[in-house]
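The structure follows.
The values are calculated or read from the model by the stated rules, or taken from the named source; none is laboratory data. In this text the structure is predicted, and so the values were computed from the model without any measurement. Here the Cβ positions follow ideal geometry from the backbone for every residue, glycine too, while neighbour counts run over all protein chains shown. Side chains included, ligands, DNA and RNA excluded: accessible areas come from the protein's heavy atoms. Shrake-Rupley method; radii C 1.70, N 1.55, O 1.52, S 1.80 Å.
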Amino acid sequence: MNNTLAGKLVKELRLDKELSMSEFSKRVEISQPSLSRIENGNQEMSFSLLIKICRELDISVSEFFFRLEHTEQLLNESVKEIDNDNVNTYLDFESKLHKMIDGLNNEQKKALFAFLFSLEK
């Protein structure tokens, strides 16, 4: 399972239910920092935790995996689009990149900057 995509899906579903990170972490019996690491893709979920998460989000585990697989397919299709050499794909890629960067929190932006800065040298 892709931890980053799984975490983003948990966050998306949590926000759809209008649950704060604090409230949701209490409901699934984990610390708020652990939930944050999961949602950012920095910590794996155990299967038992995934079951609790799905229960609180009112979806089945199979629905979670279905959505996760769908997200991975969309991501793979986006990557294939980037490989094309036409202008529209480039502009679409640039737009998607800006949206992705805008969606990052400050710590993620700093990490991305540090990574890109290291490539410039």
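How large is the convex hull of the C-alpha atoms of region 1-40 per residue, in Å³?
Values: hull volume 2.3 nm³, N = 40.
Spread over its residues, the Cα hull of region 1-40 gives 57 Å³ apiece.
Just the number please: accessible area per residue for region 8-78, 1.4 Å probe, all protein chains included, in Å².
On a per-residue basis, region 8-78 sits at 61 Å².
Order the peptides 44-53, 101-110 from the highest to the lowest mean number of other Cβ atoms within 10 Å of their residues.
The densest-packed peptide leads the list: 44-53, 101-110.
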